[in-house]
4 protein chains.
Amino acid sequence: MRVGVLTGGGDCPGLNAVIRAIVRKGVQEYGYDFTGFRDGWRGPLENATVRLDIPTVRGILPRGGTILGSSRTNPLKVADGIRRIKQTLAELEVDALITIGGEDTLGVAARLSDEHGVPCVGVPKTIDNDLSATDYTFGFDTAVGIATEAIDRLHTTAESHMRVLVVEVMGRHAGWIALHSGLAGGANVILIPEQRFDVEQVCAWVTSRFRASYAPIVVVAEGAMPKDGDMVLKDQSLDSFGHVRLSGVGEWLAKEIEKRTGKEARTTVLGHVQRGGTPSAFDRWLATRFGLHAIDCVRDRDFGRMVALRGTDIVRVPIADATARLKTVDPALYEEVGVFFG
Amino acid sequence: MRVGVLTGGGDCPGLNAVIRAIVRKGVQEYGYDFTGFRDGWRGPLENATVRLDIPTVRGILPRGGTILGSSRTNPLKVADGIRRIKQTLAELEVDALITIGGEDTLGVAARLSDEHGVPCVGVPKTIDNDLSATDYTFGFDTAVGIATEAIDRLHTTAESHMRVLVVEVMGRHAGWIALHSGLAGGANVILIPEQRFDVEQVCAWVTSRFRASYAPIVVVAEGAMPKDGDMVLKDQSLDSFGHVRLSGVGEWLAKEIEKRTGKEARTTVLGHVQRGGTPSAFDRWLATRFGLHAIDCVRDRDFGRMVALRGTDIVRVPIADATARLKTVDPALYEEVGVFFG
Amino acid sequence: MRVGVLTGGGDCPGLNAVIRAIVRKGVQEYGYDFTGFRDGWRGPLENATVRLDIPTVRGILPRGGTILGSSRTNPLKVADGIRRIKQTLAELEVDALITIGGEDTLGVAARLSDEHGVPCVGVPKTIDNDLSATDYTFGFDTAVGIATEAIDRLHTTAESHMRVLVVEVMGRHAGWIALHSGLAGGANVILIPEQRFDVEQVCAWVTSRFRASYAPIVVVAEGAMPKDGDMVLKDQSLDSFGHVRLSGVGEWLAKEIEKRTGKEARTTVLGHVQRGGTPSAFDRWLATRFGLHAIDCVRDRDFGRMVALRGTDIVRVPIADATARLKTVDPALYEEVGVFFG
Amino acid sequence: MRVGVLTGGGDCPGLNAVIRAIVRKGVQEYGYDFTGFRDGWRGPLENATVRLDIPTVRGILPRGGTILGSSRTNPLKVADGIRRIKQTLAELEVDALITIGGEDTLGVAARLSDEHGVPCVGVPKTIDNDLSATDYTFGFDTAVGIATEAIDRLHTTAESHMRVLVVEVMGRHAGWIALHSGLAGGANVILIPEQRFDVEQVCAWVTSRFRASYAPIVVVAEGAMPKDGDMVLKDQSLDSFGHVRLSGVGEWLAKEIEKRTGKEARTTVLGHVQRGGTPSAFDRWLATRFGLHAIDCVRDRDFGRMVALRGTDIVRVPIADATARLKTVDPALYEEVGVFFG
């Protein structure tokens, strides 16, 4: 039995932990051989491989990133992509393919598996935690931890200068990182993509916080949008490639707050630090268990399935379930957290 | 409506986050008044109270410990304990009591509620994560994080000197901290109270690790015991009070490994650092949500209930469910993790 | 004896440690009384004070920011500023003033002391470490630690996607944070304000790094400038107040690298997280010792002096020495570090 | 030119950073070849070597421990040791030897250099910071940081239970780690090997702290001793090898405090976590600069010299200077810090 492994999409702390668990159990318990594919779907498309065995996975558990490399290459958008992948797998005598990735990567895996008979197993990966069918994805806890530590730090600088500090965190379509880190960091306002925000309401919270002699922290997901939608019209400029470039919502909001409340406001955009570096203990645990269960799917020839977390159990669901719809923040949960606003 | 709050048993990161959430929501949304009881059950027993309102819970979210103090006082073992508690509650016109604690504290709350008609709501707390009826308890994630970071650090010193490093972590009756931190830290052996260990097997794993030119890390829960049970017979000494004092299992094991394998071994006992300091983001999230739901139980006059985590939801269960049996590590899960031993 | 204390300029981890040490020693050993002035020079200008005694400094050692508040108010630029300060000090019967601050704050203290006979003692503070006459200032070590951890994290995301990551750190006029964190974080290029950089050279280093199959990290101080100076001409836009707004050097550089090397590049601007939160152990040590020695200056009536670090000793120098010239990175040191570029 | 490198004694965060800097500069700037010796002096004694070049030092900057391994082997105590070392160096055509180590390792280097004409360069290494002739050694800052974080955590658990927490930190002969971490962690008592302590005085400080309604933290260096010296007589037991085994000073002191004050006391022995894991930014900076200057000593054929830190400069001193006397805590400094006791 030869098993291929690839990691697609944005990097995420815990990818290496998944890879290590797959290989450790696959080799030790089942005697499988492995082929690592380079840079997501580019690997099987271009027959770009990397050695994958016990020595190559030594010491990678605590390391962020992915030893296989990653890319956003989508074989469905590449001429003859599916055929080329099937050909590579055949040439390399790969009997099963474990794909670790998010919506796009798993979407391809679902198609390959369901429509083209390629024996795929999926492992869900998104730092934003917005994949359905699993309680959590690895990387999310690490990102929330980093954002929370940053918010902790920003409190003291906000208080010392009695300034508003706006913290822009990841989350294009779902506000999980904003919600968790904002709550954990004691933010006074949390804005998420799921609900358009009212700048006047934000300013009211900011003002009420100052009235209580504290300095407000506003946590905003990068995908959050104001109600009136005028953000996109302002502040656009051309970047050096001539593309339209929008300043982020954090910077925009800080300026609006300054203008409307007369208080100084500063923005911090956390950016890539949220997705790099060593995974948290929780993410190492989750990623490792995902890997152990993914290789068990292969052993059981249970293809077209994805591993998922339900409570404290790892379960198997159809890969397509993960990508059927985006897992967004429930309005009731957002309201629950709202008790801390202002 | 006046609500009493107390924290009992060993301290745990997240206690303050629970207290803050209870008070913030209770005051802001429901207009309740609060009475803080000092040092667990000692508070209502001795009418020892502390002010508890919005200003007193400001800034406590990231702080470990408990502003209410804690103790292991058990009113069931105190003459006339139940009557005295009822009297204090009556005198102070406390209409409901939120008890945050572990097996002992909640056991009293269940009795008070079920047998004596005292309107209690429970919030589960144990750093060991061994309470039934909830997927996780707050404090556990922080403890696992601290232990994992320590194991990460010990790897490099083990490798540099080609020594065995034995790390003793918390867990008297359940091996959750050992299992999670051992897995996350890449330990080569993990020993838990649920399964007596075979010293010869441990030494075989240690030796096999050295043969692969790596230095082994052995994570052992403080409550783990060898199969032959001879540990307790050795190494006992009298402490300065004349009590029998046993050296911990970690120290005992290191000596056994040295004796049987001829390799140098060192022990690190993590101790109280595992339960102190700022809670992790996850624990702040969980503790805060427990607090918000506990005060909702009060509002709903849903007494005799405890809040609990199920997947990503907070649910309500009878308080007695939490203490019915200890939540220990399932043998199947221990075996799953065993692929990394040796 | 009544001693006034103020903190001016940008906040910095360690300010509270200085204040605590001054008060603890001043009260316990010398029996002094204290007056805290609010928000830097605004305090004595407007007679805005805050209580300062043993209870108010309890627990502040590990806390970032300053319990006194800070501002950039400069009494030399305020009508009648000096006279108003002298009047406040006289009214409050303040016998000596300890000023904790950077170039501006200490510049005022030097003038007050040397020209107006106000008994001042200075404590140097700059997160950028660019004050002369002291080996290090507190806050710098914390900032370097935070930046280094961020760089550590960015390595894994750079490698996973084979991208350039540009990290913009603090340092308007001196490159100390860039130099220390860049070296400690294993950056492949470090750019500082002291030496204009050649974009072509940066791109050559970037390309050489990719050729060795690694992804480059470029650390750039916010005040670094390209040789040809064309940065300021590009990318400018108007902000919502109609002011010209320049994109930072980090963002500019990433675009240039993309354009010239054809490689993807991303920017992270660390911003305010570098100056917030709990001080490192070193900064707590240094800040505390500065505080202890500052109050000893008062006891010795050794005014017009500033405490400073020389090796492991705290010494006293004229306040004016600190502000005589900016302490910038020596070209020889920059060259020493250059062995790691590319 | 072929340069040998070895690391001796206990491991220390920063060793790999030294090695990397030596090799990077030696290869890139001077075109040298390198021989890594295994496990300190065992390497040249037994001709045990390891490859050392640019690829082998890739990625080791942030890693604790030493890729060369270490041991306490002392060639002066080995029959014919010096001759065997000279023979190995001759056989391998090693022209210069860089020895990274503490008192013992550098003592041998001094003898080899001064008495036997072996061209040695020394790099000082001791986590305890007790080597003369240098302001600081790398590893110390990391150890202090870890101990400080532990003390921070223990405060909250001490307060919650109103217990004494005794923290035993490293430092057999010098109290630097205790002094720095105790001060930075806000300890209420700090005990160091340089000054025998009076248990009654310790108990008085403990009691006074409780009287102020706070729980005391006592930081004690492992080598600290009580005045009456009776510690060694109590609590001794035989370990499983039949050797006399003394309980550590921390445990002893906690029991004495309990006995004398009637307050509960707990001990945490930090142990090996203090010397493992990734070095702090400061230690990476210092270790790297030591490495760069050590290879410059080789280039300058300036043998018998050790690199050292003086203020912010790296200087060269005779190797023998480092080992001439132990650098202990000055009584005046200890007294300065004493203002925070009690």
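The values are calculated or read from the model by the stated rules, or taken from the named source; none is laboratory data. Predicted model only: the values in this text are computed from it and were never measured. Note that each Cβ is placed from the backbone with ideal geometry, even for glycine, and that neighbours are counted across all protein chains shown. Surface accessibility is based on the protein's heavy atoms, side chains included, excluding ligands, DNA and RNA. Shrake-Rupley method; radii C 1.70, N 1.55, O 1.52, S 1.80 Å.
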Self-check item: One residue from A:GLU222, A:GLU200, A:GLU194 being closer than 19 Å to A:PHE340 by Cα and either touching a Gly at 6+ places or on another chain (Cβ under 8 Å) or within 14 Å of chain C (Cβ to nearest Cβ) (or both)
Solution: A:GLU194
Quiz item: Could you count how many residues in the range B:289-326 are touching a residue at least 60 places away in the same chain (Cβ under 8 Å) and in contact with a Phe, Trp or Tyr (Cβ under 8 Å, 6 or more places away or on another chain)?
Solution: 7
Quiz item: Can you pull out the residues in the range A:70-81 that are part of a helix (DSSP H, G or I), open to solvent by 40 Å² or more (accessible area, probe 1.4 Å) and in contact (Cβ under 8 Å) with a residue 12 or more places away in the chain?
Solution: A:LEU76
Practice problem: Evaluate the range B:79-94: report whether one residue or more is closer than 30 Å to A:PHE341 by Cβ and assigned by TED's automatic domain parsing to the domain that holds B:ILE314. | Solution: yes
Quiz prompt | Breaking point among (1) within 14 Å of chain D (Cβ to nearest Cβ); (2) aliphatic (A, V, I, L, M); (3) open to solvent by less than 40 Å² (accessible area, probe 1.4 Å), for B:ILE295 | solution = (1)
Quiz item: If you scan the range D:51-67, which residues turn out to be surrounded by fewer than 17 Cβ atoms within 10 Å (Cβ to Cβ) and either in a loop (DSSP other than H, G, I, E, B) or hydrophobic (A, V, I, L, M, F, W, C) (or both)?
Solution: D:ASP53, D:ILE54, D:ARG58, D:GLY59
Practice problem: Would you mind stating whether B:ARG153 is touching a residue at least 60 places away in the same chain (Cβ under 8 Å), basic (Lys, Arg) and either in contact with a Pro (Cβ under 9 Å, 6 or more places away or on another chain) or assigned to a helix (DSSP H, G or I) (or both)? | Solution: no
Quiz item: Is at least one residue of the range C:45-68 more than 30 Å from D:ARG211 (Cα to Cα), at pLDDT below 95 and in contact with a helix residue (DSSP H, G or I) (Cβ under 8 Å, 6 or more places away or on another chain)?
Solution: no
Quiz item: Any idea which of (1) crowded, with 23+ Cβ neighbours inside 10 Å; (2) within 12 Å of another protein chain (Cβ to nearest Cβ); (3) in contact (Cβ under 8 Å) with a residue 12 or more places away in the chain is the one D:MET162 doesn't satisfy?
Solution: (1)
Self-check item: Qualifying positions in the range C:70-98 - within 14 Å of chain A (Cβ to nearest Cβ) and among the hydroxyl-bearing types (Ser, Thr, Tyr)
Solution: C:SER70, C:SER71, C:THR73
Quiz item: Could you list, in sequence order, the residues of the range B:133-149 that are part of a loop (DSSP other than H, G, I, E, B) and either open to solvent by less than 10 Å² (accessible area, probe 1.4 Å) or more than 19 Å from B:VAL307 (Cβ to Cβ) (or both)?
Solution: B:THR134, B:THR137, B:PHE138, B:GLY139
Exercise. Being out of contact with any helix residue (DSSP H, G or I) (no Cβ under 7 Å at 6 or more places or on another chain) and either within 18 Å of D:LEU15 (Cα to Cα) or modelled with pLDDT under 95 (or both) is the filter here, so list the residues in the range B:149-161 that pass it.
Key: B:ASP152, B:HIS155, B:THR156, B:ALA158, B:GLU159, B:SER160, B:HIS161
Quiz item: For the range B:40-50, what are the residues that are under 22 Å from the mean Cα position of the chain (by Cα) and open to solvent by 30 Å² or more (accessible area, probe 1.4 Å)?
Solution: B:ARG42
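Which residue out of C:LEU89, C:LEU97 is assigned to a strand (DSSP E or B) and surrounded by 17 or more Cβ atoms within 10 Å (Cβ to Cβ)?
Matching residue, one of C:LEU89, C:LEU97: C:LEU97.
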Self-check item: Number of positions in the range D:28-45 that are without any contact (Cβ under 8 Å) to a residue 40 or more places away in the chain, over 16 Å from D:LEU92 (Cβ atoms) and more than 10 Å from every other protein chain (Cβ to nearest Cβ)
Solution: 1
Quiz item: Out of the residues in the range B:100-112 that are touching a residue at least 40 places away in the same chain (Cβ under 8 Å) and surrounded by fewer than 24 Cβ atoms within 10 Å (Cβ to Cβ), which is nearest to B:ALA287 (Cα to Cα)?
Solution: B:GLY102
Quiz prompt | Selection from the range A:200-229 of residues that are closer than 17 Å to A:ALA178 by Cα, out of contact with any His (no Cβ under 8 Å at 6 or more places or on another chain) and open to solvent by less than 20 Å² (accessible area, probe 1.4 Å) | solution = A:VAL202, A:PRO216, A:VAL218, A:VAL219, A:VAL220, A:ALA221, A:ALA224, A:PRO226
Quiz item: Going by the structure shown, is C:LYS263 under 30 Å from C:ILE217 (Cα atoms), open to solvent by 20 Å² or more (accessible area, probe 1.4 Å) and within 13 Å of another protein chain (Cβ to nearest Cβ)?
Solution: no
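Results for (1) closer than 29 Å to A:ILE217 by Cα; (2) in a loop (DSSP other than H, G, I, E, B); (3) open to solvent by less than 40 Å² (accessible area, probe 1.4 Å), shown as yes or no for each residue.
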{"site": "C:GLY250", "(1), (2), (3)": "yes, no, yes"}
{"site": "C:LEU253", "(1), (2), (3)": "no, no, yes"}
{"site": "C:ILE257", "(1), (2), (3)": "no, no, yes"}
{"site": "C:GLN274", "(1), (2), (3)": "yes, no, yes"}
{"site": "C:ASP283", "(1), (2), (3)": "yes, no, yes"}
{"site": "C:GLY291", "(1), (2), (3)": "no, no, yes"}
{"site": "C:PHE303", "(1), (2), (3)": "no, yes, no"}
{"site": "C:ALA320", "(1), (2), (3)": "no, no, no"}
{"site": "C:GLY338", "(1), (2), (3)": "no, no, yes"}
Quiz item: What residue, of B:ARG316, B:ARG310, B:ARG325, is away from chain D (no Cβ under 14 Å), open to solvent by 40 Å² or more (accessible area, probe 1.4 Å), of a type outside the set (A, V, I, L, M, F, W, C) and in contact with a helix residue (DSSP H, G or I) (Cβ under 9 Å, 6 or more places away or on another chain)?
Solution: B:ARG316
Quiz prompt | Unique match (being part of a helix (DSSP H, G or I) and more than 22 Å from B:PRO318 (Cβ to Cβ)) among B:ARG111, B:ARG84 | solution = B:ARG84
Quiz prompt | Residue check for A:VAL232: modelled with pLDDT of 95 or more and more than 12 Å from chain C (Cβ to nearest Cβ) | solution = no
Self-check item: Every pair of residues 6+ apart whose Cβ atoms lie under 8 Å, when the first sits in the range C:55-69 and is within 14 Å of chain A (Cβ to nearest Cβ) while the second is open to solvent by 50 Å² or more (accessible area, probe 1.4 Å) and part of a loop (DSSP other than H, G, I, E, B)
Solution: C:PRO62/C:THR278; C:ARG63/C:THR278; C:GLY64/C:THR278; C:LEU68/C:ARG38; C:GLY69/A:MET162; C:GLY69/C:ARG38
Quiz item: Taking the range A:305-321, which residues are in contact with a Ser or Thr (Cβ under 6 Å, 6 or more places away or on another chain) and of a type in the set (Gly, Ala, Ser)?
Solution: A:ALA308
Quiz item: Which of (1) outside the structural domain of A:THR7 (by TED's automatic domain parsing); (2) among the β-branched types (Val, Ile, Thr); (3) open to solvent by less than 10 Å² (accessible area, probe 1.4 Å) is the odd one out, the single condition A:VAL121 does not satisfy?
Solution: (1)
